[in-house]
Amino acid sequence: MGVFAATVFVLMYAIIVSEKIHRTVAAMLGAVIMMLAGVLSIDTALHHVDFNTLGLLTGMMILVGITSHTGLFDYVAIWAAKKAKAEPKKLLTYLALITAVFSALLDNVTTVLLMVPVTFSITHKLHLKPMPFLITQILASNIGGTATLIGDPPNIMIGSAVKELTFMAFIENLAPIAIINMIVVILIMEFFYRNSLKTKPELQQEIMAMDEKEALKDRRLLARSLFVLGLTILGFFTHSFTHIESSLMALTGAFLLLLLAGGSHHLVESSLKSVEWATIFFFIGLFIAVGGLIETGIIGELAKKAVEITGGDVTATSLLVLWLSAIVSSVLDNIPFVATMIPLIQNMGAMGVANLDPIWWSLALGACLGGNGTLVGASANLIVAGLAADRGVKITFINYFKVGFPIMLLTILLSTVYVYLRYL
């Protein structure tokens, strides 16, 4: 049965990577085939589904979906453009920083969905090529998402699997290196695209004449959205002593905001449409498929081999996980990779590897930052490429690779130094 489960999983993974069939269909078919073949029962399959991850994703999607109707993100982008005095170099930096901060506080996929249309609008007015801004925003979204528990799906999955890794623990351990990486990347991008970051004074004046307040469509809803978002994020911070799961905090915030916003049938239905159900079902399929590998003992065998290679040494294991995660996540979607790695690391702990914390932080850094390596490395990358293509701007795999892969290697190198000095 183990060989069958492994074969189904490898085929499922290959289909996800090929993108010939939607990844949700591939993951759910893999899960269903394993259950039909008796690899695991429905009850066992449900046991392997991480409802904390699903609840957190769903709650945050509803919160952000409602907030997006207020015009807040357009307001912030126009405000940033005016603060930068519409100077392209400063504008690149400001938009990158906003993308990174929103990615840390909300999530990187939602952030790029909201930021890319505004970026196109501003660059069009300044007659600037959007490519430097789009690529910088991809990099910023993945780096910013690294900093917190809710910023990137791999972090959500790790935080849900390891209860001791609280919202504050993610910030304390990952935010410092995320900030360092962000500063370095912005400096590199400013230098690399310096010849493209030029515009005319009269075009800058047009931006300066814009009134960002006009972007705010519903101030009453905005006030309520900010209030509930603030409460929800505060709830994440207090987890260490309230012990309330992050998913419960996010779902409470989502439905509280729906109530405060009126709770009408139309609002509830439109808000639920803002949930990316394809992503939710992708996770469900993935959790069940990985559960099949756990039930047949394959994950345990892989963990045993990993311990043999590193001799159970925390330093060697952490650095191996960091670089392996980065390289694999750069060419494959980081979500299925992390789903496979979590039980493997847990098994390593059960086999006597002491102090798993450096290994967990290495997995988070490698998976999130590795996503910057290629255009298919993270969901946010593909979304930006898709939105750009809709507007006639083609971000090719090779053009992105030339910029993204070297920067990914540099951020992983900086992270290696950070992990070694801080933990090892």
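The values are calculated or read from the model by the stated rules, or taken from the named source; none is laboratory data. Since we're looking at a predicted model, the values are computed, not measured. We place every Cβ from the backbone using ideal geometry, glycine too, and count neighbours over all the protein chains shown. Heads up: the accessible areas ignore ligands, DNA and RNA and are worked out on the full protein's heavy atoms, side chains in. Shrake-Rupley method; radii C 1.70, N 1.55, O 1.52, S 1.80 Å.
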**Study point:** Extreme residue, nearest to Glu87 (Cα to Cα), among residues of region 204-218 that are open to solvent by 40 Å² or more (accessible area, probe 1.4 Å) and of a type in the set (D, E, K, R)
**Key:** Glu206
Practice item. Scan region 276-288 for residues that are assigned to a helix (DSSP H, G or I) and either modelled with pLDDT under 90 or within 14 Å of Met341 (Cβ to Cβ) (or both) and report the count. Key: 8
Exercise for review: Write out, first by first residue and then by second, each pair whose Cβ atoms fall under 7 Å of each other, whose residues are 6+ apart or on separate chains, and whose first residue, in region 196-225, is β-branched (Val, Ile, Thr) while the second is open to solvent by less than 40 Å² (accessible area, probe 1.4 Å).
Suggested key: Thr199/Pro88; Thr199/Leu126; Thr199/Leu128; Ile207/Ala81; Ile207/Ala86; Ile207/Ile122; Ile207/Leu126
Check your understanding: Scanning for something open to solvent by 20 Å² or more (accessible area, probe 1.4 Å), part of a helix (DSSP H, G or I) and either over 27 Å from Leu149 (Cβ atoms) or at pLDDT 85 or above (or both), does region 61-69 turn up at least one residue?
Key -> no
**Study point:** Within region 16-31, considering residues that are open to solvent by 60 Å² or more (accessible area, probe 1.4 Å) and either touching a residue at least 60 places away in the same chain (Cβ under 8 Å) or of a type in the set (A, V, I, L, M) (or both), the one farthest from Asn334 (Cα to Cα)
**Key:** Leu29
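From the list Ser318, Ser330, pick out the single residue that is small (Gly, Ala, Ser) and farther than 29 Å from Ile15 by Cβ. Steps first, answer last, please.
Working: Ser330 fails: farther than 29 Å from Ile15 by Cβ.
Only one candidate qualifies: Ser318.
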Exercise for review: Keeping to region 325-346, report how many residues are of a type in the set (Ser, Thr, Tyr) and farther than 17 Å from Thr146 by Cα.
Suggested key: 1
Review point. Val39 is checked against (1) crowded, with 21+ Cβ neighbours inside 10 Å; (2) β-branched (Val, Ile, Thr); (3) part of a helix (DSSP H, G or I) and fails just one. What number does that condition carry?
Key: (3)
Review point. Between residues in region 107-129 that are over 13 Å from Val76 (Cα atoms) and open to solvent by 20 Å² or more (accessible area, probe 1.4 Å) and residues that are in a helix (DSSP H, G or I) and hydroxyl-bearing (Ser, Thr, Tyr), which pairs lie under 8 Å by C-beta distance while being six or more apart or on different chains?
Key: Lys129/Thr123
Practice item. Run down Leu139, Leu256 and say which single residue is farther than 18 Å from Val101 by Cβ and either of a type outside the set (Lys, Arg) or crowded, with 16+ Cβ neighbours inside 10 Å (or both). Key: Leu256
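Report, by residue number, each residue of region 249-270 that is farther than 17 Å from Asp107 by Cα, assigned to a helix (DSSP H, G or I) and not charged (D, E, K, R).
Listed by number, the residues that qualify are Thr252, Phe255, Leu256, Leu257, Leu258, Leu259, Leu260, His265, His266, Leu267, Val268, Ser270.
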Point to revise | Members of region 318-341 that are crowded, with 22+ Cβ neighbours inside 10 Å and more than 21 Å from Ile138 (Cα to Cα) | key: Ser318, Val321, Ala339, Met341
Practice item. Could you pull out every one of the helices (runs of 4 or more DSSP H) wholly within region 345-424 that has 2 or more residues that are open to solvent by 30 Å² or more (accessible area, probe 1.4 Å) and within 12 Å of Leu139 (Cα to Cα)? Key: 397-423
Study note, to complete from the structure: Restricting attention to region 299-317, the residues that are modelled with pLDDT of 85 or more and either buried (at least 17 other Cβ atoms within 10 Å of the Cβ) or in contact with a Cys (Cβ under 7 Å, 6 or more places away or on another chain) (or both) number exactly 2
